Structure formats: C-alpha cells, structure tokens
Amino acid sequence: METEIPAMLTARQLIRPERFTFHSARMRMKHVTKEELAAMDAQSDRCALELSDARVDVLGYACLVAIMSMGHGYHRESQARLQKVTAENGAPAPVVTSAGALVEALGVIGAKRIAVVAPYMKPLTKMVIDYIEAEGVTVVTHRALEISDNLKVAAHDPAKLPGIVAELDTSDVDAIVLSACVQMPSLASVAKVEAMTGKPTLTAAVATTYQMLKALDLEPVVPGAGCLLSGAY
C-alpha cells in the first residue's frame with residue numbers, strides 16, 4: 001500500500017491535474033496469522049483517529065486479510081466504524097478498505113468467476129476465498145504461496161507472478177486477482193498478465209486506488225495499471 005498506491009497516483013499526475021500527499025499510521029503485525037490479524041485490526045480505530053488529525057480527504061485500510069479474517073461482510077462494519085471515528089474528531093472522511101475495494105471492483109467489471117493469487121498460508125487463503133464467494137463471486141482456481149512472514153510477503157518478486165498465473169487454468173474465468181494482498185508487490189506485472197491471458201487483471205492495491213479516487217470524486221484513471229484504471233469504468 002505504501003509503495004504501489006503512491007506509485008499509481010504519481011503516475012496519474014502525469015495525465016491529470018490533481019496532486020496528492022500521502023500519510024500513514026501503522027498497525028503492528030509480524031506474522032500473517034489469524035491471531036495477529038485480529039490484534040492488528042483492533043488498532044485500526046487509533047490509526048483512523050491519528051490520520052484524521054491531518055484532515056486527510058480519504059483513508060485506506062491497507063490489510064485485506066485482516067478484514068476478511070474477521071467474518072463475512074466485515075468490511076462494511078469496519079468502514080462505517082472508522083468513518084465515525086473521523087467524524088467524531090471533527091474531520092469526517094470516507095474510508096476505503098482493501099477488502100471492500102476488491103469485492104466492489106469485481107462488481108464494477110462484472111466478474112463472477114475469478115482466479116486468485118495470494119501469499120497467505122492455505123487456511124487464510126481459504127478464508128479469503130470464502131469471504132469473496134460470500135459476496136457472490138466464484139473463485140474457480142487459486143494459488144496460495146504460503147508465505148507467513150509479513151516482510152517476506154513484501155519481498156516477493158512481482159516478476160514471478162506471470163509464471164504463477166501461467167500454471168493456473170484461467171480459460172473459464174472472467175478476471176484474475178493477481179495479488180489478493182496489498183503487501184505483496186504486483187503492479188509491475190498487471191499489464192503483462194492482462195496481455196498474456198486476455199483477461200482483466202486487478203490487485204487489491206489497484207482496486208483500493210480505484211475506490212479512493214471514486215471517493216474523492218476524481219476520474220479513476222491511472223496509466224499502466226490495468227483495465228480497472230483504464231478509464232473504462
């Protein structure tokens with residue numbers, strides 16, 4: 001989130017007049033386990049409060065699996081609660097979660113059958129799949145990379161993603177979720193996978209950028225970030 005979303009919005013500045021600043025508050029987590037994810041999510045109210053002190057225009061919750069591990073539909077509850085925190089601080093701002101953004105983006109492009117690549121261990125990957133399917137989207141095929149260390153997730157080489165997708169049968173899917181995690185780098189391979197498969201390809205970070213731009217009433221367009229941010233939606 002802290003690298004790819006600024007990269008996308010900086011790229012957008014080359015073709016549109018708006019300019020952006022980026023502000024972060026951190027929730028602690030070292031290992032991607034259900035227990036640490038729950039402890040991390042408990043810190044989200046503090047982060048929203050801290051960021052609202054800066055009078056930001058939109059907030060993005062950067063951990064998809066933290067939201068999805070809290071139960072089906074939790075992104076709606078989280079977004080409403082965190083937005084209330086900003087309002088009570090006198091700085092009301094819309095809140096976008098990467099989990100909600102991904103689900104909503106799949107609806108925007110009309111995808112009902114998808115392929116998913118996730119860095120998580122298999123139990124957490126199943127939790128993500130179940131969450132997405134509870135929102136009415138079928139995960140036809142997937143790959144769990146089984147990386148438990150959060151820093152190693154961030155260090156995964158995005159150049160490996162096209163090869164991983166090539167090993168999946170994507171012939172019967174409407175779209176590919178190249179990274180169901182804002183921590184795992186993927187932006188550099190989105191256009192390549194889209195060209196390779198002929199399928200719309202998005203990531204949690206791409207979807208979050210789309211929803212943040214929509215929340216700001218700005219045209220959701222970013223060069224080189226795949227079909228969702230092509231200006232077609």
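The values are calculated or read from the model by the stated rules, or taken from the named source; none is laboratory data. Here the structure is a predicted model, which is why all the values come from computation and not from measurement. Positions of Cβ are backbone-derived with ideal geometry, glycine not excepted, and every protein chain shown enters the neighbour counts. Protein only, heavy atoms only, side chains kept; ligands, DNA and RNA dropped before computing areas. Shrake-Rupley method; radii C 1.70, N 1.55, O 1.52, S 1.80 Å.
For (1) closer than 23 Å to PRO119 by Cβ; (2) aliphatic (A, V, I, L, M), each residue gets a yes or a no:
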site	(1), (2)
ILE15	no, yes
MET27	yes, yes
ALA38	yes, yes
GLU50	no, no
TYR61	yes, no
ALA66	yes, yes
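Cβ contacts < 9 Å: first residue closer than 28 Å to LEU161 by Cα, restricted to region 198-219; second residue among the basic types (Lys, Arg) and surrounded by fewer than 24 Cβ atoms within 10 Å (Cβ to Cβ), any location; separation 6+ or different chain. Result?
Sorted first by the residue in region 198-219, then by its partner, the pairs are THR201/LYS192; THR209/ARG12; LEU213/ARG12.
In region 23-59, which residue that is buried (at least 19 other Cβ atoms within 10 Å of the Cβ) and more than 21 Å from LEU151 (Cα to Cα) is farthest from the chain's Cα centre (by Cα)?
SER52
For region 147-171: of the residues being among the small types (Gly, Ala, Ser), touching a residue at least 12 places away in the same chain (Cβ under 8 Å) and closer than 15 Å to LEU187 by Cα, which is least open to solvent (accessible area, probe 1.4 Å)? Break it down into steps so the answer makes sense when it comes.
Here is the first cut: in region 147-171, the ones among the small types (Gly, Ala, Ser) are 148, 154-155, 159, 163, 166, 171.
Remaining after also requiring touching a residue at least 12 places away in the same chain (Cβ under 8 Å): 148, 154, 159, 166.
Among the residues that remain, those that are also closer than 15 Å to LEU187 by Cα are: 154, 159.
Details: ALA154: 44, ALA159: 70 Å².
Among those that are among the small types (Gly, Ala, Ser), touching a residue at least 12 places away in the same chain (Cβ under 8 Å) and closer than 15 Å to LEU187 by Cα, it is ALA154.
I need a count of the residues in region 104-127 that are part of a helix (DSSP H, G or I) and either open to solvent by 20 Å² or more (accessible area, probe 1.4 Å) or touching a Phe, Trp or Tyr at 6+ places or on another chain (Cβ under 7 Å) (or both).
Taking region 104-127 and keeping what is part of a helix (DSSP H, G or I), we get 104-108, 122-127.
Narrowing further to those that are either open to solvent by 20 Å² or more (accessible area, probe 1.4 Å) or touching a Phe, Trp or Tyr at 6+ places or on another chain (Cβ under 7 Å) (or both): 104-105, 107-108, 122-123, 126-127.
Selection size over region 104-127: 8.
Which of the following residues is over 25 Å from MET29 (Cα atoms) and out of contact with any helix residue (DSSP H, G or I) (no Cβ under 7 Å at 6 or more places or on another chain): LEU218, LEU228? I'd like the intermediate steps shown before the answer.
Values: LEU228 fails: out of contact with any helix residue (DSSP H, G or I) (no Cβ under 7 Å at 6 or more places or on another chain).
Residue meeting the stated conditions: LEU218.
Of the residues that sit in region 128-141 and are in contact with a helix residue (DSSP H, G or I) (Cβ under 9 Å, 6 or more places away or on another chain) and farther than 22 Å from VAL193 by Cβ, which one is least open to solvent (accessible area, probe 1.4 Å)? Don't jump to the end; show me each part of the working.
First, the residues of region 128-141 that are in contact with a helix residue (DSSP H, G or I) (Cβ under 9 Å, 6 or more places away or on another chain): 128, 130-132, 135-139.
Filter again for farther than 22 Å from VAL193 by Cβ, leaving 130-131, 135-136.
Values: ASP130: 56, TYR131: 0, GLU135: 52, GLY136: 42 Å².
Out of the qualifying residues, it is TYR131.
Here's the yes/no breakdown for (1) touching a Lys or Arg at 6+ places or on another chain (Cβ under 6 Å); (2) touching a residue at least 40 places away in the same chain (Cβ under 8 Å):
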residue	(1), (2)
LEU9	no, yes
ARG19	no, no
HIS23	no, no
ARG26	no, no
LYS30	no, yes
CYS47	no, no
GLU50	no, no
ASP53	no, no
SER69	yes, yes
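Select, from ALA66, ALA99, ALA62, ALA144, the only residue that is buried (at least 17 other Cβ atoms within 10 Å of the Cβ), in contact with a helix residue (DSSP H, G or I) (Cβ under 7 Å, 6 or more places away or on another chain), closer than 26 Å to SER171 by Cβ and not β-branched (Val, Ile, Thr).
Numbers: ALA66 fails: closer than 26 Å to SER171 by Cβ; ALA99 fails: closer than 26 Å to SER171 by Cβ; ALA62 fails: closer than 26 Å to SER171 by Cβ.
Unique residue meeting the criteria: ALA144.
For region 204-225, state whether one or more residues are under 17 Å from ARG113 (Cα atoms), in contact with a Pro (Cβ under 6 Å, 6 or more places away or on another chain) and of a type in the set (A, V, I, L, M).
Scanning region 204-225 turns up no residue that is under 17 Å from ARG113 (Cα atoms), in contact with a Pro (Cβ under 6 Å, 6 or more places away or on another chain) and of a type in the set (A, V, I, L, M).
Among the residues of region 35-45, what is the count of those that are assigned to a loop (DSSP other than H, G, I, E, B) and in contact (Cβ under 8 Å) with a residue 12 or more places away in the chain?
Looking only at region 35-45, we keep the residues that are assigned to a loop (DSSP other than H, G, I, E, B), and these are 42-43.
Then drop every residue that is not in contact (Cβ under 8 Å) with a residue 12 or more places away in the chain, which leaves 43.
Total meeting the criteria: 1.
Are any of the residues in region 133-154 under 19 Å from GLY71 (Cα atoms), assigned to a helix (DSSP H, G or I) and modelled with pLDDT of 95 or more?
We begin by selecting, within region 133-154, every residue under 19 Å from GLY71 (Cα atoms); these are 133-139.
When the remaining residues are screened for being assigned to a helix (DSSP H, G or I), the result is 133-134.
Then keep just the ones that are modelled with pLDDT of 95 or more; that gives 133-134.
Yes, region 133-154 contains a residue that is under 19 Å from GLY71 (Cα atoms), assigned to a helix (DSSP H, G or I) and modelled with pLDDT of 95 or more.
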